[in-house]
Amino acid sequence: MLLDTPVCNFGWKAPDFTLSDPHGIPFTLSEQLGSKGLLVMFICNHCPYVKRVAHRLAADTRQLMNEGINVVAVMSNDYRDYPEDAPPKMVEFARQHDFPFLYLVDEDQAVGKAFNAICTPDFFGFNAKGELQYRGRLDDAKMGDETNRTTELLDAMRMVAETGSGPQEQHPSMGCSIKWRN
């Protein structure tokens, strides 16, 4: 089912969290917040929307990271019901797509709920103070149309890094629903 995310709640501060990568190494949100901001993405392995843009996620986030903007991805799906999203599969998916960012497991789904994550992919761009400044999409390309895409996420995160504020006009991300545990 295709879902849209809500509009950006400018200035919202995410609660600090500790999540582990698929190997069990813990990381905190506060450690990841950099001097030019932080992009937090909710993604998973099995979502066709994420699969379609995985190469772009790798390339675009590599650019952001090279410009000093930190990036982390969170997988909040219930992988017991969706085994393709299990931690060992996350390692394979990240390797297959050459992800340069941390890919963390939200085991109890508390982080996804705290962020009000709706779908995969879902993008949250924070400034250096940890204030939400972007909640939008990767770009505005239609499914399968890579020729007419914009760089909405790149442009927004660069603006956040430079000015501390995000664009006033933002387009909701679209994707598959987060698979919440019953």
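The values are calculated or read from the model by the stated rules, or taken from the named source; none is laboratory data. These numbers come from a predicted model, not from an experiment. Neighbour counts are summed over all protein chains in view; Cβ atoms, including those assigned to glycine, are modelled from backbone coordinates with ideal geometry.
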Exercise. Within the set of pairs 6+ apart or on separate chains, which have a first residue in segment 121-137 that is part of a loop (DSSP other than H, G, I, E, B), a second that is among the basic types (Lys, Arg) and at pLDDT 95 or above, and C-beta atoms under 6 Å apart?
Worked result: GLY130/LYS13
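Here is a yes/no grid of residues against (1) among the polar types (S, T, N, Q); (2) over 13 Å from the mean Cα position of the chain (by Cα):
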{"site": "TYR49", "(1), (2)": "no, no"}
{"site": "ASP60", "(1), (2)": "no, no"}
{"site": "SER76", "(1), (2)": "yes, no"}
{"site": "TYR79", "(1), (2)": "no, yes"}
{"site": "GLU84", "(1), (2)": "no, yes"}
{"site": "GLU107", "(1), (2)": "no, yes"}
For this session: Of all residues in segment 17-43, count the ones that are under 16 Å from the mean Cα position of the chain (by Cα) and among the charged types (D, E, K, R).
Result: 1
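A quick yes/no check of all residues on (1) at pLDDT below 95; (2) of a type in the set (Gly, Ala, Ser); (3) closer than 16 Å to LEU153 by Cβ:
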position	(1), (2), (3)
CYS44	no, no, no
ASP78	no, no, no
ASP85	no, no, no
PHE101	no, no, yes
GLY112	no, yes, no
PHE124	no, no, yes
Exercise. Quick check: is even one residue across segment 87-110 of a type in the set (A, V, I, L, M, F, W, C), crowded, with 16+ Cβ neighbours inside 10 Å, in contact with a helix residue (DSSP H, G or I) (Cβ under 6 Å, 6 or more places away or on another chain) and farther than 21 Å from PHE17 by Cβ?
Worked result: no
Seminar exercise, completed: Cβ pairs under 6 Å, 6+ apart or interchain, first in segment 80-102 and over 27 Å from ASN182 (Cα atoms), second of a type in the set (Gly, Ala, Ser) and not in a helix (DSSP H, G or I), ordered by first then second residue, are PHE101/ALA73
For this session: Take SER76 and decide whether it is among the polar types (S, T, N, Q) and out of contact with any Gly (no Cβ under 6 Å at 6 or more places or on another chain).
Result: no
Problem set entry | Boolean, ARG80 is among the basic types (Lys, Arg) and within 30 Å of GLU162 (Cα to Cα) | no
For this session: Would you check which residues across segment 170-182 are at pLDDT below 90 and assigned to a loop (DSSP other than H, G, I, E, B) and list them?
Result: HIS171, PRO172, SER173, ASN182
Problem set entry | Considering residues of segment 62-74 that are in contact (Cβ under 8 Å) with a residue 40 or more places away in the chain and either over 14 Å from the mean Cα position of the chain (by Cα) or farther than 29 Å from ALA161 by Cβ (or both) only, the residue surrounded by the fewest Cβ atoms within 10 Å (Cβ to Cβ) | GLY68
